[in-house]
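Colleague: Before we start, here is the structure in question, set down as structure tokens.
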Amino acid sequence: MPVEVQGLDMTGRWSGRWVASGVWGDRREADAEMVFVQYGTTGTGRLKLVDTVAALGVPDIVRYFGSLGTPVSYRITRGGEILARYEDGPAVLVRFTRVGDRIYGRVDASPSFQLVLDRQ
């Protein structure tokens with residue numbers, strides 16, 4: 001059963017928007033969703049992004065999965081950062097920072113990629 005740890009229970013559905021650079025350096029953005037299931041300080045999740053085909057700022061494997069969702073495992077660090085990682089191919093690390101019922105995400109390998117998601 002999912003449990004809360006240090007007030008950072010991420011379990012549930014979070015939705016909002018993603019933003020990244022497009023093919024011509026233009027700004028691309030669309031809907032995003034993250035679903036978390038947490039056990040202690042670790043868990044699993046699925047990152048779903050809509051309309052990622054022309055967004056070069058989105059990592060290739062995440063663009064490939066797109067709205068089907070990239071499966072990830074995650075952990076909460078002692079500092080309260082949420083690290084979500086896709087490991088079944090090219091590794092992708094998404095760093096989330098939580099502020100109340102909103103989380104902000106960045107991909108280490110893609111400085112233009114940003115996520116802003118609210119708890120549903």
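The values are calculated or read from the model by the stated rules, or taken from the named source; none is laboratory data. Only a predicted model underlies this, so the values are computations on that prediction, with no experimental measurement involved. For neighbour counting, all protein chains shown are included, and Cβ atoms are generated from backbone atoms with ideal geometry for every residue, glycine included. Accessible surface is based on the protein model in full, side chains and every heavy atom, while ligands, DNA and RNA are left aside. Shrake-Rupley method; radii C 1.70, N 1.55, O 1.52, S 1.80 Å.
Colleague: Counting only protein chains, not ligands or nucleic acids, how are TRP24, TRP18 ordered by accessible area (probe 1.4 Å), most first?
Modeller: TRP24, TRP18
Colleague: Determine, for each peptide in 55-63, 110-118, the mean count of other beta carbons within 10 angstrom over its residues, then list the peptides with the highest first.
Modeller: Ranking, from highest mean packing down: 55-63, 110-118.
Colleague: Roughly how many whole Å is it from the C-alpha centroid of region 42-58 to that of region 13-39?
Modeller: 6 Å
Colleague: Label-point separation (nm) for VAL99 and TYR39, each offset 7 Å from Cα along Cα-to-Cβ?
Modeller: 3.3 nm
Colleague: Still on this model: Can you send over the solvent-accessible area of GLU33, 1.4 Å probe, protein chains only, in Å² to the nearest 10?
Modeller: Its accessible surface works out to 30 Å², give or take rounding.
Colleague: Let me ask something additional. Mind listing the long-range amide H neighbours of THR11? Cut-off is under 5 Å, sequence gap 5 or more, other chains count too, H placed in the peptide plane at 1.01 Å from N.
Modeller: HN-HN under 5 Å from THR11: GLN38.
Colleague: Can you give me the % of accessible surface on the chain that is carbon or sulfur? Probe 1.4 Å, all protein chains present, nothing else counted.
Modeller: Using a 1.4 Å probe with all protein chains present, the chain comes out at 52 percent carbon and sulfur.
Colleague: Ok, one more. Note down the relative contact order for region 65-120 as a percent, whole number, built from C-alpha pairs under 8 angstrom at least six residues apart.
Modeller: About 21 percent, as a whole number.
Colleague: Moving on. So what is the relative contact order for region 19-64, in percent, with contacts set as C-alpha pairs under 8 Å and at least six apart?
Modeller: Details: 61 pairs, mean separation 17.7, N = 46.
Over region 19-64, the number comes to 38 percent.
Colleague: Find the accessible area per residue for region 1-114; the probe is 1.4 Å, ligands and nucleic acids are left out, and the unit is Å².
Modeller: On a per-residue basis, region 1-114 sits at 55 Å².
Colleague: With an 8 Å cut-off on Cα pairs and a minimum separation of 6 or more residues, tell me the relative contact order of the chain in percent.
Modeller: 24 percent
Colleague: Can you compute the helix-only [θ] at 222 nm over the chain? Use -39500 (n - 2.57) per DSSP H run of at least 4 residues, normalise by all residues, nearest 500 deg cm²/dmol.
Modeller: Counting only the DSSP helices, I get -1000 deg cm²/dmol.
Colleague: By average Cβ neighbour count within 10 Å, what is the ranking of 72-85, 37-50 from highest down?
Modeller: Result, highest mean Cβ count within 10 Å first: 37-50, 72-85.
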